[in-house]
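Visitor: Quick one: structure below, then a few questions.
Derivation of every value follows stated rules applied to the coordinates shown; laboratory data play no part. Here the structure is a predicted model, which means the values were calculated and not measured. Virtual Cβ from ideal backbone geometry, glycine too; neighbours counted across all protein chains shown.
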Amino acid sequence: MLTNISMADFYEKYQNEHLDLIDVREVHEFQAGHAPGAKNLPLSTLEQGYKELKSDQEYYIICQGGGRSATACQFLRAQGLAVTNVEGGMNHWPGDVE
């Protein structure tokens, strides 16, 4: 089952604690602007790239609108990782971007 968090709830947590945020948009999208501290792991390379993620950590997954991150979450959960989909993605990001 997919675990989701609203952008409002995520952003509040993000401001108050260190969260592992994975941005699954393609490299050019990530470079155009991303949440500070996010790591880029494009959905197109996730099948290999996920192996660098640690099984004992929780990850928050974000994309542009929420669709790709939901797909990524399903895949990552099937690999045994603890993941939460950030609803609305960068379209609803309220803060500064890098």
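Visitor: Using only Cα atoms, locate the centre of region 77-98 and the centre of region 1-67, then give the distance between them in Å, rounded to an integer.
Guide: Comparing the Cα centres of region 77-98 and region 1-67, I get a distance of 4 Å.
Visitor: Run the numbers for E98 and T45: contour at 0.36 nm per residue of separation, minus the present Cα-Cα distance, in nm.
Guide: Working: separation 53, 0.36 × 53 = 19.08 nm, distance 2.20 nm.
Gain on stretching E98 to T45: 16.9 nm.
Visitor: OK, next. Using Cβ counts within 10 Å as a stand-in for footprinting exposure, how do K39, K51 rank, fewest first?
Guide: Fewest to most other Cβ atoms nearby, the residues stand as K51, K39.
Visitor: To continue, here is another question. Out of residues 5 or more away from N40 or on other chains, whose amide H comes under 5 Å of its own, with H placed 1.01 Å from N in the peptide plane?
Guide: Here D23 satisfy the definition.
Visitor: Also, I was wondering about something else. Can you sort F30, F10, F75 from fewest to most other Cβ atoms within 10 Å of each residue's own Cβ?
Guide: Details: F30 20, F10 23, F75 16.
Final ranking by Cβ density, sparse to dense: F75, F30, F10.
Visitor: Can you tell me the convex hull volume per residue for region 29-80, based on C-alpha atoms, in Å³ to the nearest whole number?
Guide: 85 Å³
Visitor: Between Q74 and D9, how many nm apart are label points set 7 Å from Cα along the C-beta direction?
Guide: If labels sit at Q74 and D9, their model points lie 2.1 nm apart.
Visitor: Further question: If I take every Cα pair under 8 Å that is 6 or more residues apart in the chain, average their sequence separation and divide by the length, what percent do I get for the relative contact order?
Guide: 37 percent
Visitor: Separate question: Would you mind ranking I5, I62 by Cβ crowding within 10 Å, fewest neighbours first? Provide the component values of the computation, followed by the final result.
Guide: Numbers: I5 15, I62 28.
By the 10 Å Cβ count, ascending: I5, I62.
Visitor: About the Cα centre of the chain, how large is the charge dipole given +1 on each Lys and Arg Cβ and -1 on each Asp and Glu Cβ? Please answer in debye to the nearest 20.
Guide: 280 debye
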